[in-house]
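Note sheet for the following structure.
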Amino acid sequence: MTLFVSGNGSLYTIDPVRGGIETFVGNPSNTAEDLDMRSDGRLWTYRSNAGGGATEGFVIELDPGNAGNLSSGGDNIAVPDASNPETIFSFHNQTNQVDALAWRRNNVNDYTDTLFFSVRTSSGGGGSKLYWARSNGDTTPANGTPFGNRGFITGVGLTAGAFTTGLQFIGGQLYGVNDDGQFYSLTTNGAANLIADFGATTGTGEIPEGFAGLADAPQNVENEAYAGLLFAITTTGRLVAFNPTGTAASPVAGTLQTIFDTDPDGSFGPLLADGIADTNILDTDFSIFGFGAPTGLAFSTLDVNLWHPTLNRGADLGHGVNATDITAGVSSGDNSRSLTPAPLPNTQTVDAGFASVETPEQRGTASFWFGLEEWNQSPILNNKYFQYDLNGSFENAQYGGTSTWQRDLTANATIGDNYNVPGGAYGSLQTNSFSLEGSRGTDKPTLYFNYFLDTQNASSKTTFMRDSARVLISADGGLTWNLVASNNQALSAPAMADGELPAFASASGQAANKGNQDVQQLFDSTGTWRQARVDLYEYVGQKNLMLRFDFSTSGVSADANAPDYIAADGDAFGDFFSREKGQNNLFEGFYVDDIIIGYAERGEMVTYPTNNISTNANYFNTPVDPDPMALTEQLSGPYQLEIRRGEEFAAPLLADQQPIVVSPGALIDTNDRMTSGQTIFTVDGPYIQDGDTITISNGLFSRTFEFDLNGGGVSGTNTPIVYTLNSTATQVAATLASVITTAATNPGTAGVVIAGVVGENYAPGSGNGNRVNVLGAVTVTGVPTTINETTNNAGALVDTSDTIATAHLTTLTSQTPGIYTATALISGALGVGLDVDFYQVDLNAGERLIVDIDDTSGDSFVRIFDATGVELVVADNGLAPNETATTTQIPTGAYIVFIAPSTQTYYIGVSGSTPTAATYAGPRTPNREYDATIAGSGTPGRTGNYTINLEVGRPNVTTIDDYSNDRYLGNSERRGDTNLHRQQGQVIIESNLIRNVSQYGIQVVPGARDATSNAPHPASPRNLAVLNGDNLVTGVFLANNVVARFRTGGILISGDTEPAAATLPPAAEPFVK
């Protein structure tokens, strides 16, 4: 929040909450007596005519970036018109001293001919006169117009001869303050009504020095907390605020407001945002500017965070779901973003009252934008900003603002679709927390996001960075923030970390032992969307991580004056106190979209903005560490590339048709082996049955491993796997893997060695610590453990469970795991499609719940709630593993694999999805906004029958998973981790009798070329897995063959004989011995 103040012949910006100068903006050409910032962002001043002459003062528009004059006009007050009797009233003794100006807003950005002045006079005992001026400042009277002298500013209780030093309109009402500390309302004829007297002459004496200026309060900041207040400065540089009319919070008009943090302790005034009283009594009802003799003040019109969701640039390629795909009806690969996804909170159903449209923020073309958008009559229909509920109705403004505010401000030709606001801007976009707990560095956790960036493209390694776009991460709940991406292009010096970016770019943050090696560059002003990828190696194993996207015209992330300000990485290269933050801001700003945290160990999907690959896949030299002491990478030499078909994780619902979707049941862990094999999943000690066994066999020998509680002993020659009741699943897996691996070389009591077998376990503490991959040519069998699983078939249910308080009791708990099955009906009992069915389960933290809904005549929507009714997970139109779609539409029903975040009771709510037009004529959305504690509180959904299957339980310790038939992954064969088998050796044709042939007895020749591309097919020469540096023979060997009675020839050895072979792709030549 920027406050402009004039004084000492200069223009400054001031910290209005705590006091103190922030920036020196500049020196106007002449002393500015007063300031007024109009709602269109134009800053005006009124200065005295020091040289005398035919005018008392000049009205000047100032550049808020440098205090330069943009326009100027004289008031013509001292020019009488002898032919006009009104000029006798207009003319007054010249003092060449003006005090205040105020613009009155007539309509949307309409200030035509409604400018008012307060001018000192030496006649009639002194005091001030009120003047009405045209838009150019001219007050010359004319018949039938209100222009000119409106009369002395006077009224009951006003100190005689006091000068009105501040004027300000709120709506159509004019207010003023004078140099004797009085506050009053005014008519446009100068008649004053005293509201409060703080002066020393007749008032309370709280402001004995008197006032020097008056300004309207910020309208949007802190949820409109200050809207309707007026701020005034005193002649000694104190800032105060008061209410012009009584309110519920402050019933007496003219009450000084204690809203400043002059301690400073980070809290403002008597009440904090949560309504709790500020116990620090040092806060006062004023703050001090830091200099004396101010003459005017005005707040910047920017008082919101410019980050907001938008559909602007939705048609651009390179982010979200591209417009060309949307036209074809295609959604994102995981079906989470599409042209019309399921409506969510903040779904737009009415567009400023002009047209009906349904557009949730989840729409594939939406993104976040730091910038002020041009106001639009129908923003959703025209793919602009989203509207939000403000005081019970959707406000036609971007997030945080009001329609009037945005409409007026962007009516300024230099403001709109940019961040060119008075005084500059900064803002942060902060995510919810996410966790990398259980991850390892080899998982390569990576942050991806798409961005569009347009700024002045400044960079610095000192303090001259401006228009900074940065991405930061916090691992301590937001107390500190570490930089991971920046548009400051200045590289660090070799072997140092003295810039925001490292000395050289690298995909891995471990490429050099420098503190900023993981920081990635954000490319500025490219005119296209780009994808950033950031290595999160430094944050593996940590939870409660948060991301923050910052933009600041000063290059500093936040208010450096604030007592709670903690400098973020990169702030040292900007300057919050430089006036440059308010200059050169005619740029579009910063967009972000498609924020993904993923694991790159199995490869990555990198996006590019256009279909012209040739212009977006340019090759470049791999950056090299310029540190002379760094290890040198070998970047040239022979290598082998194998391209093979990988594992498929998504498929079309119908063959050869779109869309392609990923089933929720097909989500995998990146450490799963994508190949046919066997894995043993373990559980915590209490779930293991002492004496359970696992047998591994290579076809000739077998070895039996037995779980041994507390080392009490095993049967016969079994190999013990010792555990305790306190053992975690990860500890059990580590022991099991070690014992299995040892069996490859140690015969043990069984006297058997299973050569080549390995038990592969992930590091303890990882999220995959409960699995052991059994590697080798062996089979694994186990004796299943019973953990008292039950099957509960509830049959057909009666519809009585419309809230979590009346939920169906499934009896599924951690102590009684099992399967619950029931059939039910989404009915119209509470109103058309308002029915919801709830089911209760009790889970321990980390326990798994599988929800499988199959619709028979309806279309259900599923939500999972915690014990208090807070939504945790939603699902619609999902397939369970091994289920297939039977229609051309996305299947109805739902499938969720839910891991309990904490030990408590959970509720599954089943409601109707989007109703058909035939059953409901109103707005059609899924019934997903209902309150889980209030029956019938949602919106009409589809009715019909469904079957629900709930499963609670942990994988058994002896569950042997053969990935060729995996219930979770649902694929028949895995090939992603298996190299193609390569037969080594050579072809030998030996000791054959070949006779009576019409052509050649033996031919060693290439195969025919491809008919379309003329690509060759290899003959006997082959590429080997290892470079054949010794030039060993790899072709055909002919030995001791008898060829007789042939017509054309006995043996033909030939290369490619295609015509014009020199113009064809080269082919291998046979090598024969």
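Where a number appears in this text, it was derived from the coordinates with a stated rule and is not lab data. As the structure is a computational prediction, the values presented were derived from the model and not from experiment. Please note: Cβ atoms are built from the backbone with ideal geometry, for glycine as well, and neighbour counts cover all protein chains shown.
Assorted remarks:
- Cβ-based net charge around Ser428, under 13 Å, with every Lys or Arg adding one and every Asp or Glu removing one: -1
- Here r is the Cβ-Cβ distance between Asp476 and Thr112 and R0 is 51 Å; the resulting FRET efficiency, rounded to 0.05, is 0.40.
- Spacing of the modelled spin labels on Phe577 and Ala755, each 7 Å from Cα toward Cβ, amounts to 7.8 nm.
- Peptides 246-255, 564-573, 365-374, ordered by how many other C-beta atoms sit within 10 Å of their residues on average, highest first, read 365-374, 564-573, 246-255.
- Subtracting the Cα-Cα distance of Ser902 and Thr414 from their residue separation scaled by 0.36 nm leaves 170.4 nm.
- Peptide packing: for 719-730, 508-519, the average count of neighbouring Cβ atoms within 10 Å per residue gives the ranking 508-519, 719-730, highest mean first.
- For the range 678-782: rounded, prolate or oblate by the Cα gyration tensor [a/c cutoff 1.5]: oblate
- Exposure proxy for Trp132, Trp529: other Cβ atoms within 10 Å of each Cβ, ordered fewest to most, give Trp132, Trp529.
- Length-normalised contact order for the range 175-221 - Cα pairs under 8 Å, 6+ apart - percent: 35
- For the range 740-755, no residue has its backbone nitrogen under 11 Å from a point 7 Å from the Cα of Ser702, taken along Cα to Cβ.
- Gln173-Ala744 pseudo-label distance in nm [points 7 Å out on the Cα-to-Cβ vector]: 8.6
- For the pair Asn223 and Thr188 in one chain, pulling the backbone fully straight at 0.36 nm per residue adds 9.4 nm over the alpha carbon distance.
- This ranking places Asp99, Asp467, Asp575 by how few other beta-carbon atoms lie within 10 Å of each, fewest first, which gives Asp575, Asp99, Asp467.
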